[in-house]
1. Can you give me the ranges of the helices (runs of 4 or more DSSP H) entirely in segment B:103-221 with at least 3 residues that are touching a residue at least 24 places away in the same chain (Cβ under 8 Å) and more than 28 Å from B:LEU67 (Cα to Cα)?
2. Could you check how many residues of segment B:39-61 are at pLDDT below 95, within 21 Å of A:LEU69 (Cβ to Cβ) and not in a loop (DSSP other than H, G, I, E, B)?
3. With the structure loaded, tell me whether B:GLY179 is at positive phi and out of contact with any strand residue (DSSP E or B) (no Cβ under 9 Å at 6 or more places or on another chain) or whether it fails that test.
4. What is the one condition in (1) of a type outside the set (S, T, N, Q); (2) at pLDDT below 95; (3) farther than 27 Å from A:ARG5 by Cβ that A:ALA155 does not satisfy?
5. Taking the conditions exactly as written (within 8 Å of chain B (Cβ to nearest Cβ) and either over 15 Å from the mean Cα position of the chain (by Cα) or surrounded by 19 or more Cβ atoms within 10 Å (Cβ to Cβ) (or both)), does A:ASP141 satisfy them or not?
6. When only residues in segment B:106-123 that are more than 7 Å from chain A (Cβ to nearest Cβ) and surrounded by 24 or more Cβ atoms within 10 Å (Cβ to Cβ) count, which is farthest from A:GLY150 (Cα to Cα)?
7. Going through segment B:5-48 one residue at a time, which ones are hydroxyl-bearing (Ser, Thr, Tyr) and under 15 Å from B:VAL171 (Cβ atoms)?
Protein chains: 2
Amino acid sequence: MPETRGSFLLLSGGMDSTTLLWWMQAQGVDEIHTVAVDYGQRHRAELDCGARLSAEGGAQSHRVLQLDLTQLGGNPLTDADFAVPSANEDNQIGTVVPFRNMLFVTLSAALAETQGILDIYLSPVRDDHESYRDCRREFYDLLEKTLRLGATRHAEFRVHTPFVEMWKKEVVRVGIELGVPYARTHTCYEGIRPACGKCDACVERLAAFAANCTVDPLPYK
Amino acid sequence: MPETRGSFLLLSGGMDSTTLLWWMQAQGVDEIHTVAVDYGQRHRAELDCGARLSAEGGAQSHRVLQLDLTQLGGNPLTDADFAVPSANEDNQIGTVVPFRNMLFVTLSAALAETQGILDIYLSPVRDDHESYRDCRREFYDLLEKTLRLGATRHAEFRVHTPFVEMWKKEVVRVGIELGVPYARTHTCYEGIRPACGKCDACVERLAAFAANCTVDPLPYK
């Protein structure tokens, strides 16, 4: 049985996962390896951000896994023909790829198992609990149990979601204290720089900075 | 909320999943849609078998999903540079891609959810319980709960494994009674026709037919 050590972090290059990398470093988590998923997102800028922020945040390695979610059918996050919904709760369901987080965590766990890594970190936040059922801790508790039961060699997988009960504005507060370079994170669903400022993701992001009486350093149109 | 109907069957073109298709038809399961996963298997013959057997077994549709497991690193099922282990319990672990079944079921569930399908069938058998922890029913009970908790629109996913407590020889007995065209199923890890007769998969298959006092109709070297 190979030695187990190190942690995986699902790093998209967005605000929450980037803050989590800085938070993990501040907590003294050893040997952080970042993983991004190329799922066919419309905007490759997100993947570039992830790779740069991994290095800037001092991760040991960065890996991009391929998992084509475009084959699952029309979704505005992956399909250039779909309009991105503007910000409101009812439309947000349209940006959901079913089981996306579960697939990302499970694929990461498969890679982790081959490398003797048992700890997987990701950054769901409380704002997403209503629209995304797979962003709640009870879901990750069950997913963790399922991974432990299905693992081949190791059984003690841990799925860490330290921000799951925090609002995005609280995550930003943590990140500001830790010096997260928010100007280089990627959020906008439209994938443009300057960011659109109008899509659901931009509106949430701007609100999180406003709640901290701080100006988002990202340029907006 | 869209109407829900129909079932997915994970059909690899091997003995067990092909028998399951014939069994589902015999049980009167409505609207069976078969799903195969192109995970980078060394032998494309398996995918061809799946497509042909889907049509022959009267499925409504057949779909091949892409999920590259070769990126997870050296494994004899996906990597042409690796020797396939010959039949014995200790080596069988070498043919395991971690969480392969979990990834296949979850990816199918993601597609199923977009199509209003809630029932997913697959064919783990009792022979695999020892080597593959994700072939036991307790694992699928937990996976089913996890899918229900993480689903976006529907919550009542069902993961069916009707053969999970049956030995492969019992599955073959069922299949012989149902007239499954075993000569056209694919089993050999070496992916050759005539089959090698020596790899773990061939040895298990031959034993299952022998236990039924029947000759496997597949040609062997």
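1. Result: B:168-178, B:200-211.
2. Qualifying residue count, segment B:39-61: 1.
3. Taking the combined requirement at face value, the residue satisfies it.
4. So the condition that A:ALA155 fails would be (3).
5. no
6. Filtering segment B:106-123 for residues that are more than 7 Å from chain A (Cβ to nearest Cβ) and surrounded by 24 or more Cβ atoms within 10 Å (Cβ to Cβ), the one farthest from A:GLY150 (Cα to Cα) comes out as B:ALA112.
7. B:SER12, B:SER17, B:THR18, B:THR19
The values are calculated or read from the model by the stated rules, or taken from the named source; none is laboratory data. Values in this document were obtained by computation on a predicted structure and should not be read as measured data. In this analysis, Cβ positions are derived from the backbone assuming ideal geometry, glycine residues included, and neighbour counts consider all displayed protein chains.
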